[in-house]
1. For segment 38-100, calculate the relative contact order in percent as a whole number, restricting contacts to Cα pairs under 8 Å that are 6 or more residues apart.
2. Can you give me the distance in nm between label points at residue 114 and residue 23, each placed 7 Å from the Cα along the Cα-to-Cβ direction?
3. Can you list residues whose amide H is under 5 Å from residue 98's amide H, if they're 5+ apart or on another chain and H is modeled 1.01 Å from N?
4. List, in order, the whole-Hz ³J(HN,Hα) value for each residue of segment 25-36 obtained from phi through the Karplus relation with A = 6.51, B = -1.76, C = 1.60 and θ = phi - 60°; use x for Gly and Pro.
5. Cα atoms only, segment 45-165: Rg and Dmax in Å?
6. Report the local net charge at residue 103: Lys and Arg +1, Asp and Glu -1, summed over other residues whose C-beta lies under 15 Å from its C-beta.
7. Using the Cβ atoms and a cut-off under 11 Å, what net charge is assigned to the surroundings of residue 156, where Lys and Arg are +1 and Asp and Glu are -1?
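Bear in mind that the values in this text are calculations on the coordinates, not laboratory data. Being a predicted model, the structure only gives us computed values, none of them experimental. For neighbour counting, all protein chains shown are included, and Cβ atoms are generated from backbone atoms with ideal geometry for every residue, glycine included.
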Amino acid sequence: MKKYITIIFLMISVLGFSQTKKKPMTQYYACRNLTIDSAVNPHLYYQIYNWVGVKYKYSGKTKKGIDCSAFVREMYKNVYCINLNGTTRDMFKNITPVCEKDLKEGDLLFFKTRKGRISHVGVYLADNKFAHASIKAGVTVSDLNKEYYRKYFYKGGRLKEQVLKNQ
């Protein structure tokens, strides 16, 4: 009997260690055509990577589950030392919209996914890629040119000067 229990524990240990881990960071970004070396703020990429794969949870704020606005708040707090408050719509009130062609790393992207209202936010990276907490994929990096995001994209922008001064 002890022999079988020992074998079972060994099998569980082997199976536990063989579980798929996250791809290395450089590989994760490379398969999305992004390079950390060319980033204005590599710390943004490190922070995003630390959250990649965390499940989406409405009103979630932790690594057990997070929603899009909480994810953006985390990025801004940990990367730029800026405290954002409120919902996605509240964040939109605090930005100055910019043309899509003028988007820069760290800009916020807003989407109207529900009944024509702003209901989703992400952080722009480069080359039409952005990080966000997706209902289906959790925290991930997506392409703004994908049909779904293109359909619901509303505006991108930067935080207003007055918001930055109040930090």
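1. For segment 38-100, the relative contact order is 21 percent.
2. 3.1 nm
3. Sorted by chain and number, the residues that satisfy this are 156, 157, 158.
4. These are the phi-based 3J(HN,Hα) values: 4, 4, 5, 4, 6, 4, 6, 10, 6, 10, 10, 5 Hz.
5. My reading of the Cα-based Rg and Dmax gives 13.0, 37 Å.
6. 0
7. +1
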